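Take a look at the structure below.
The values are calculated or read from the model by the stated rules, or taken from the named source; none is laboratory data. Quick caveat: nothing in here was measured; it's all calculated off a predicted structure. Here the Cβ positions follow ideal geometry from the backbone for every residue, glycine too, while neighbour counts run over all protein chains shown. All accessible areas refer to the heavy atoms of the entire protein, side chains included, with ligands and DNA or RNA removed. Shrake-Rupley method; radii C 1.70, N 1.55, O 1.52, S 1.80 Å.
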Amino acid sequence: CCEPSAGTPRNVRQRRLHPDRVFGRAHLQAARRGHMDVLGDDLLVVAEEFGHFTDARRRIDLLCVDHDARLVVVELKRTDDGGHMELQALRYAAMVSTMTFDQLVETYQRHLKAAATDVVGSAREVLADWLDDAGGEEAVVSREVRIVLAAADFGREITTTVLWLNDIYGTDIRCVRL
């Protein structure tokens, strides 16, 4: 896939996970957790299968936050063309765009409890430390949500849409090949 660079698309380095080691959605998410650098080196996973929406049964594969207090929606697909993942991810980004710091803390606390991680400290402390440059506990979660689409490959419809959203609307959306 491509990323815009000063308005001009440029090739990005392709990174892949070994396909024989990824079996299903749970394996894909676990593999992705262990290789977050593929998605970006500044991401903290705050939820897996996040679905705490009013009157909706949708689930975000991975919800992350970066050091600038921007949420990052990660949509994972095992299909060869990515399906309609860009539309799903845009919907999810809109749905989480109003999340507050306190809601982020609650979300992360649920994740830590469910994942039985070895994180030291409370969810609030970890997030405040993670978001230190953005104000720590006083950080305001940005309404500008980043999007990462991860799949084995991407159809032309997806790459065209991603480039258009980047170029015309300045949306931070990117494709990562698994």
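Details
- Odd one out for Ala151 among (1) over 19 Å from Gly40 (Cβ atoms); (2) buried (at least 19 other Cβ atoms within 10 Å of the Cβ); (3) in contact with a Lys or Arg (Cβ under 7 Å, 6 or more places away or on another chain): (1)
- Only a single criterion out of (1) surrounded by fewer than 21 Cβ atoms within 10 Å (Cβ to Cβ); (2) without any contact (Cβ under 8 Å) to a residue 60 or more places away in the chain is not satisfied by Ser142, namely (2).
- Test: residue in the range 145-157 that is part of a helix (DSSP H, G or I) and out of contact with any strand residue (DSSP E or B) (no Cβ under 7 Å at 6 or more places or on another chain): yes
The rows are residues; the columns are (1) without any contact (Cβ under 8 Å) to a residue 24 or more places away in the chain; (2) charged (D, E, K, R); (3) farther than 20 Å from Arg146 by Cβ; (4) open to solvent by 80 Å² or more (accessible area, probe 1.4 Å).
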{"position": "His52", "(1), (2), (3), (4)": "no, no, no, yes"}
{"position": "Leu63", "(1), (2), (3), (4)": "no, no, no, no"}
{"position": "Ala69", "(1), (2), (3), (4)": "no, no, no, no"}
{"position": "Glu86", "(1), (2), (3), (4)": "no, yes, no, no"}
{"position": "Val105", "(1), (2), (3), (4)": "yes, no, no, no"}
{"position": "Leu112", "(1), (2), (3), (4)": "yes, no, yes, no"}
{"position": "Ala115", "(1), (2), (3), (4)": "no, no, yes, no"}
{"position": "Glu125", "(1), (2), (3), (4)": "yes, yes, yes, yes"}
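- Residue under evaluation Thr160, criteria (1) among the polar types (S, T, N, Q); (2) touching a residue at least 24 places away in the same chain (Cβ under 8 Å); (3) farther than 20 Å from Glu48 by Cα, criterion not met: (2)
- Residue check for Arg124: outside any helix (DSSP H, G or I) and within 21 Å of Asp68 (Cα to Cα): no
- Criterion violated by Ala134 - all others in (1) in contact with a strand residue (DSSP E or B) (Cβ under 9 Å, 6 or more places away or on another chain); (2) open to solvent by 60 Å² or more (accessible area, probe 1.4 Å) satisfied: (2)
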